[in-house]
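The values are calculated or read from the model by the stated rules, or taken from the named source; none is laboratory data. Nothing here was measured: the structure is a model prediction, and the numbers come from that model. Here the Cβ is made from the backbone with ideal geometry for all residues, glycine too, and neighbour counts use every protein chain on show. For accessibility, only protein heavy atoms count, side chains too; no ligands or nucleic acids. Shrake-Rupley method; radii C 1.70, N 1.55, O 1.52, S 1.80 Å.
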Amino acid sequence: MINKNLEIRSLKSVWHPCSQMKQHETFPLVPIARGQGVWLYDFNGRRYLDAVSSWWVNLFGHTNPRINHAIQDQLVKLEHVMLAGFTHEPVVKLSERLSKLAPGNLGHCFYSGDGASAIEAALKMSFHYWYNNDQPEKNNFVSLQNGYHGETLGALSVTDVALFRDIYAPLLRHSARVPTPDWRYAEQGESPSSYALRAANCLEKYLAENHTKTAAFVVEPLVQGAAGMGMYHPDYLKYASEICNKYQVHLIADEIAVGFGRTGTMFACEQANITPDFLCLAKGLSGGYLPLSVVMTTDSIYQSFYHDEATRGFLHSHTHAGNALACCAALATLDIFEQDKITKANHAKINYLNDISQLIASHPKVKNFRNCGMIWAFEVETIDPSFSGKFFQTSLNQGLLLRPLGNTVYFMPPYIINDQEMDFLVAGILQVLDSY
Ligand SMILES: *Cc1c(COP(=O)(O)O)cnc(C)c1O
């Protein structure tokens, strides 16, 4: 009863994100009463395994006792204070710890709320750096085919996912695209690494011609999430970093989805042994609890803004930047990484899930089964345009939250998932696949 009631009231009063609201005539909303661990519970006591970590944010389960405790502790001290002219312990500690964890010397942390806001800040900072260095004509950006960097206008202008972009194209500033290293696009017989080299050559060719007017290259390291979990060889990042250095173009690494252990290392950039000029983090940063994002950058970029003139500074702000509760959730998240040696512990889970997923990989309807760290994906052979919605619905009936991107099914569960829950996940996916 409560389920139905909430659903009706929500449809009347809440405009849900990324939704054609009319489709809820066929696909009902799912009211959630509470969450615990990998599970979300509705009001009828039904539960769903959150196999997509609630849009890729949740790392250590819902209502994690340790993160809850940290937030409760902070709640009685300070919930929020503006970060212009003021500071507080959680934001200082978090910045110090992130700088230690991140590759290279990314010692300066600039905070916002959502991922897209971090991308906006990084784009503006990159341009402003060149402006401060008497190269104002370096004001264009280049990004990857099928790349996704968020949906505010600046972030959308470097995004290449038609579904999100096409309608709004007249509102966007032009920016350039270079071919993706996603190995699904490789020629038959071409290895992911040689395809990565071929894609990198296209970036080099573009920058050789356009570097004087290009501020930055924006990239999702290792996995292009919204493109349908397109995965590529780490060599691409190595080449891209060298090419960007050679042509004096910033490298903006968008690790909003892949940061914090998703690809098997704390940050995806580590696998290519590169340090970007800007590292953007969000989603898992707060353990998925609260909106928090950060742009981390180098001292040389920071110094170009440091000046007697106010307008050389980075006069950009979001009201809730560096919120104290969100920073506390992030600190508790980093504690769990450290205390439980998560990146190491995840290796066993990755192996186990890969083992039991062999039946999915070899399923006759499945193509391109792939894995990178704690992300798994595959394509389902179908011509049904409503495949995604139907798969979502059938999965719910199996007690699974799965939300395919087109005909790409993926799962990236919270890291606290146990063997039994992994068995349940794989068995459920096989059931859903067999029902087509
Ligand atoms: C989710 C995402 C964003 C946008 O983050 P929001 O918090 O949704 O604004 C940007 N880049 C990547 C790679 C993402 O996955």
Would you mind stating whether Asp308 is in contact (Cβ under 8 Å) with a residue 40 or more places away in the chain and either of a type in the set (Lys, Arg) or surrounded by fewer than 15 Cβ atoms within 10 Å (Cβ to Cβ) (or both)?
no
Residue hits (region 252-294; surrounded by fewer than 24 Cβ atoms within 10 Å (Cβ to Cβ) and either free of Cβ contacts under 8 Å to residues at least 40 places away in the same chain or more than 12 Å from the chain's Cα centre (by Cα) (or both)) are Gly264, Thr265, Met266, Glu270, Gln271, Ala272, Asn273, Ile274, Thr275, Leu290, Pro291
If you scan region 385-428, which residues turn out to be open to solvent by 10 Å² or more (accessible area, probe 1.4 Å) and either modelled with pLDDT under 95 or over 30 Å from Ala345 (Cα atoms) (or both)?
Pro385, Ser386, Ser388, Gly389, Lys390, Gln393, Thr394, Asn397, Gly406, Asn407
Listed by first then second residue, the pairs whose first member lies in region 377-393 and is touching a residue at least 24 places away in the same chain (Cβ under 8 Å), whose partner is among the aliphatic types (A, V, I, L, M) and surrounded by fewer than 16 Cβ atoms within 10 Å (Cβ to Cβ), with beta carbons under 8 Å and at least 6 positions apart or on separate chains, are Phe378/Ala361
Here, helices (runs of 4 or more DSSP H) confined to region 341-433 with at least 3 residues that are in contact with a Gly (Cβ under 9 Å, 6 or more places away or on another chain) are 342-356, 387-397
Within region 138-159, which residues are closer than 25 Å to Asn201 by Cβ, within 12 Å of the ligand (Cβ to nearest atom) and open to solvent by 10 Å² or more (accessible area, probe 1.4 Å)?
Asn146, Tyr148
